[in-house]
Amino acid sequence: MTLPNGWEMVVGLEVHTELLTKSKLFCGCANHFGAEPNTNICPVCLGLPGSLPVLNREAVDFAMRIGMALHCSIAPSTFHRKNYFYPDQSKDYQISQYDLPINSAGYLDLPDASRVSIERAHMEEDTGKSTHLGGTGRLAGADSSLVDYNRCGVPLVEIVSGPDIRSSAQARAYAAELRGILIATGASDGRLEEGSMRFDANVSVRQSGAAFGTRCEIKNLNSLRSLQRAIDYEALRQIQLIEAGGVVRQETRHWDENLGQTSTLRVKEDADDYRYFRDPDLVDLAPDQAWQDRVRAALGPMPAERRAGVVSLLTGASEAQLDAVEVVIDLGLEGYVHAVAAAGGDPALAVARVANELAGDVDNVGHLTSDAFVMTLAMEQRGELSATQAKTVLGELLAHGGDPRSIAAAKGFEQLSADTLGSTVATLIEANPDEWNRYREGDEKLAQFFIGQVMKSTKGQANGKAVIAELQARR
Amino acid sequence: MKSATQIAADVRSGASSASAELERTLAVIEQRNPELNVFLHVDVEGARATAASIDARIARGESVGALAGVPIALKDNLCQVGIPTTCSSKILEGWRPPYSATVVDKVIAAGAVPVGKTNLDEFAMGSSTENSAFGPTRNPLDPSRVPGGSSGGSAAAVAAEMTSISLGSDTGGSIRQPAALCGLVGVKPTYGMVSRYGLIAFASSLDQVGPFSKTVADSALLLEVLAGHDPKDSTSLPEGAPSLVAHVNDGVAGRRIGLVRELYDGADDSVVASVLAAAQALREAGAEIVEMSIPELGLTLSAYYLIAPAEASSNLARFDGVRYGLRVKADDVTAMMEATRTAGFGAEVKRRIMLGTYALSAGYYDAYYGQALKVRTLTIDAFTRAYQEVDLLLGATTPSVAFAFGAKTADPMTMYLNDVFTIPTNLAGDPALSVPFGTGEDNLPVGVQLLGPGRSEAQLFAAARVLEVADGRA
Amino acid sequence: MSDALTRDEVAKVARLARLVLSDAELEVYTEQLGQILEHARDMNTLDLTDVVATAHPFGVTNVVREDVVTPSLDRETVLAMAPHVVDHRFAVPRILGEAP
């Protein structure tokens, strides 16, 4: 979207990601989404009097992985208390890193070669979850609220970008690339719909080159689409407001996905006084070089590098293929593509099968060995399996695992191509003499007619290439 | 009464039993508690069951630990699973913790029998136990006077011979000051030596749990049980418990002990006289007494009364009526929290919460809290320099002997000044103890204070033992 | 540093701390807190510009635990402590403002 009248938007994103630790940030309660309310709570995360926090080493490792992937410097850090009363916060303060975060001053390069600076990526604890009763189910207008503290104390890393983003599309690309990186580090599952990754967008507008305008923060955007729409809406709102002679007020705004609008949540007040101070229950965190080296050594390649690795296998990738590659990288399934390429198979076919068949049943890829995948695609390429049959075999492999040859045999796929196809074609030639003659005289379009007839009589089990070969042999 | 050391020996040898010792304790509590208001809760059934199980284990020939069958009183800011824990506050009235403090688990594991929870100044904020929501505790030595505070109940339990030992907590003197006023030994260990897990926090960077007893040896025995690393407390020292009992009779020969002017200047004459007499006794036992001045200690009271309230304002935020404890109903959650906290906290707690909130708030942080943290640095540095010259320091514990009810409640500063000698060591994180030495006004006991560098508890006990003997107490 | 503590400042602090003060209490606390703060200004007699702040006397760093799940509390025990429970959750009256 282009903004009118020489306006430019200035956007910075704050991204919260839950970390994939087994236990919470400061206690041994399970970090598990979807448990029965208030079953994963203990004296520490419930803030019972006398309880004390102890930092989870794995959360530190994940935070450092994120920092390293974002080219941050890792520095000695501390934990502060952010003091404010709110029922979903069991201690009425949040433990968060404040002036000394573990990661600072990094950057993220986007696929379009633009660079967004990362101010910091710090650790903090999540709050509990409130359900609102009465009214519309939202906070405003509710009669009462119910609090579940299962999420309270779940480890988060908050990644704060610089105000470097200049379009909603760039914001979306940043969020998508960051999501890929978080998944690649193993720190996050990137599940937006479960709230394990959440976006806040700081949006302001200015005439190009002028000083920054007053910003508004749009809270808790939970999809890439919402993020992009909300930023566009908010930038236009601010432009219209200013052009109408109004003044943008610094405030937090809520995005309503159905209405496609942002609205005021709370106005920033002087009364917001969080009285940050060092949490005296926790000690300094200063991972030494050996600890940092250990974490760095365990860090695999990031999406940009992996994407380039797959694209290099393709010759002149189309837009659609690049999208498919994105899916492959996003799901971390490029190992299948590399295996096919290494065995001399067709990487483009591998990308297509991974981006569709495997992506459609990603929870089950554990059943599919790369050998089985390579063999299935080889059978397809050799014409032993039709495309439809190959997909069926992959579906079976995903569901139960096994050997592609046995599965193909059990489904009768091999039988068909070897014996039945010849007699089927012969029968169809006899039944359609006019078409056969026209084909023999060079009307290649009729090949499709015969393929269609073969498919019909074999219920789609034939291989198109094999049918053509059969026809040509008899021509 | 028998010392804890003696009780444990008798119970182990079969000369006595845990149940017999407990019944004696329960009888004294029944007799004296109505007058003195020492215990907020006595767990008669639980204690009898614990004592019976110890006796059964001994009958089976099992080993039962250093505190076998010793009844012990717990300050009511220590969580014990299923037992009412109030911090002497209405906001926690009726709350039964679903877990126990590490120190409670430890004393039980060592064979002690917790008999109940003792009164304190609400959330350990005070120096007289007059700030309890459940009425003040009376000093067993003179019921018209305070026992000191905030661990006044735990001090009175031992002074009234209800138990031989008890647990208190010391944030700015809350063990040593009541120990002095009740004629007991009371110890504030090195910060991190004793786990804070399950101690309801007042000021987390200052709080330490420690023992009360009549004898030096009993405190050493109890602290050995309490000390040692706890993985549930990030501020717990990494090492195991030190050897203390074995060093009680090491004496002070060859030790250099600093007599610090700022640690007794301004105290009552009788208190100063006791401190000087203690110095003489230590000298006679072979120590070299070095007269010293540490001017930085003059600023510690101001720093303490910003740091402790600042931490407390945050530590006490969780008492909001949502999850446990008192709730006063209101139409919205903010009003409910305000009504609950306003009704649930007493005046001193409110005063300190507001003071701490102010000291941390935007625009004042640097001038107050930030400045106090710098004074804390100066205090630590000053002690470090002092301990390059001498092994231990000597001073008074309190400016006076036990005072009358209401004597210091007119304005907060008067009460706060009571802590002037005990506060510095909390800021530094170093250990200190109070040991009775001599008497003052109306023949009431005077406590002298021995201070040392981190992890010097064994030396402190040895010096305290010298004074105990010199004072003719054992 | 401002000189005398004002009633407005104390009122603001009380609101931040979720305490309600009567006019009489406001009066008393303003005076008492003012006294304590005045005493605290003793600290300004020293030049502390180059002194590092110590928030904590504890010198140990990097205290961490392994990422191991330990048993949570029994839900019914926890909810039994709560003033008001609905559907296994802690119930509170309506919340007027969004969290920051």
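Could you compute the net charge surrounding residue A:436? Neighbours are other residues with a C-beta less than 14 Å from the C-beta of residue A:436; K and R count +1, D and E count -1.
-2
Along Cα→Cβ, 7 Å out, is where each label goes; now give me the distance between the ones at residue A:1 and residue B:276 in nm to one decimal.
Using points 7 Å along Cα→Cβ, the separation is 8.5 nm.
Exposed loop GluC sites (Glu not before Pro) only (DSSP loop, at most 12 other Cβ atoms within 10 Å): please give the longest stretch of chain A free of them, not including the sites.
It works out to A:1-192.
Does any residue of the range B:317-333 lose at least 40 Å² of accessible area with all protein chains in place compared with its chain alone, and if so which ones (probe 1.4 Å)?
Listed in order, they are B:317, B:318, B:322, B:323, B:324, B:327, B:331, B:332, B:333.
Looking only at other chains, what is the average number of their beta-carbon atoms within 10 angstrom of each beta-carbon in A:256-268?
1
Given only helices, namely DSSP H runs of n ≥ 4 each adding -39500 (n - 2.57), what is the per-residue ellipticity at 222 nm of the protein assembly as shown, to the nearest 500 deg cm²/dmol?
Working: 33 runs with 388 residues, N = 1049.
Dividing the helical sum by the residues of the protein assembly as shown leaves -11500 deg cm²/dmol.
Given a Förster radius of 25 Å and the C-beta distance between residue B:93 and residue B:49 as r, what FRET efficiency does 1/(1 + (r/R0)^6) yield to the nearest 0.05? It would help to have the intermediate numbers written out before the result.
Details: r = 25 Å, r/R0 = 1.00.
Efficiency computed from Cβ-Cβ geometry: 0.50.
Using all alpha carbons of the protein assembly as shown, what is the percent of pairwise distances in each 10 Å bin, ordered from the shortest bin to the longest?
P(r) for the protein assembly as shown, in whole percents per bin: 2, 10, 16, 19, 16, 12, 9, 7, 4, 3, 2, 1, 0, 0.
Can you pull the one-decimal nm distance between simple spin-label points at residue A:468 and residue B:347, each 7 Å off the Cα toward Cβ?
Here the answer is 9.8 nm between the modelled labels.
Per residue, how much accessible area does the range A:303-474 have with a 1.4 Å probe, in Å²?
49
Could you provide, to the nearest whole Å², the per residue accessible area of the range A:200-297 with probe 1.4 Å?
Counting only protein heavy atoms, the per-residue value for the range A:200-297 is 48 Å².
Can you give me the distance in nm between label points at residue B:441 and residue A:212, each placed 7 Å from the Cα along the Cα-to-Cβ direction?
Simple spin-label model gives 6.2 nm for this pair.
Keeping the other protein chains in place, figure out the carbon and sulfur percent of the accessible area of the protein assembly as shown, with a 1.4 Å probe.
50
Of all the Cα-Cα pairs you can form in the range A:7-296, what percent are over 32 Å apart?
Here the tail beyond 32 Å accounts for 26 percent of pairs.
Report, to one decimal in Å, the Kirkwood hydrodynamic radius for the range B:4-242 based on all distinct Cα pairs.
Numbers: mean 1/r = 0.0585 Å⁻¹.
This gives a value of 17.1 Å.
Using protein heavy atoms only (no ligands, DNA or RNA), what is the total accessible area buried between B and C, 1.4 Å probe, nearest 100 Å²?
5100
Please compute, for the alpha-carbon atoms of the range A:123-174, the extent along each of the three principal axes and give them in descending order in Å.
Largest first, the range A:123-174 extends 41, 26, 15 Å along its Cα principal axes.
Between residue A:322 and residue C:62, what FRET efficiency follows from the Cβ-Cβ distance if R0 is 35 Å, with the result rounded to 0.05?
With a Förster radius of 35 Å, E is 0.20.
Report the A-C buried area as the accessible area lost on both sides summed, probe 1.4 Å, in Å² to the nearest 100.
Summing both sides, the interface buries roughly 4100 Å².
Taking only protein heavy atoms and a 1.4 Å probe, what accessible area per residue, in Å², does chain B have with all protein chains in place?
For chain B, the solvent-accessible area averages 28 Å² per residue.
Taking the range B:31-74, which trypsin sites (Lys or Arg not before Pro) meet the DSSP loop condition and have no more than 11 other C-beta atoms within 10 Å?
The qualifying sites are B:60.
Less than 26 Å apart at the alpha-carbon level, and either on another chain or at least 8 residues along: which lysines does that give for residue A:459?
Counting by Cα, and skipping residues close in sequence, residue A:459 has these lysines nearby: A:391, A:411, A:445.
Extent of the range A:1-115 along each principal axis, from alpha carbon coordinates, in Å, largest to smallest?
If we take the Cα atoms of the range A:1-115, the spans are 57, 31, 29 Å.
Work out the FRET efficiency for residue B:362 and residue B:417 from their Cβ-Cβ distance, taking R0 = 35 Å, and round it to the nearest 0.05.
That pair, residue B:362 with residue B:417, gives E of 0.70.
Given a cut-off of under 8 Å on Cα pairs at least six residues apart, what relative contact order in percent is computed for chain C? Before the final figure, lay out each step's value.
Working: 25 pairs, mean separation 15.5, N = 100.
It comes to 16 percent, rounded to a whole number.
Sort B:232-238, B:157-163 by packing, meaning the average of other beta carbons within 10 Å per residue, with the highest value first. Provide the component values of the computation, followed by the final result.
Values: B:232-238: 21.4, B:157-163: 28.4.
Top to bottom by mean Cβ count within 10 Å: B:157-163, B:232-238.
The values are calculated or read from the model by the stated rules, or taken from the named source; none is laboratory data. Owing to the predicted nature of the structure, the values given are computational and were not obtained by experimental measurement. Cβ coordinates were reconstructed from backbone atoms using ideal geometry, including for glycine residues, and neighbour counts include every protein chain displayed. For the accessible areas, the whole protein counts, side chains as well, though only heavy atoms, and no ligand, DNA or RNA atoms are used. Shrake-Rupley method; radii C 1.70, N 1.55, O 1.52, S 1.80 Å.
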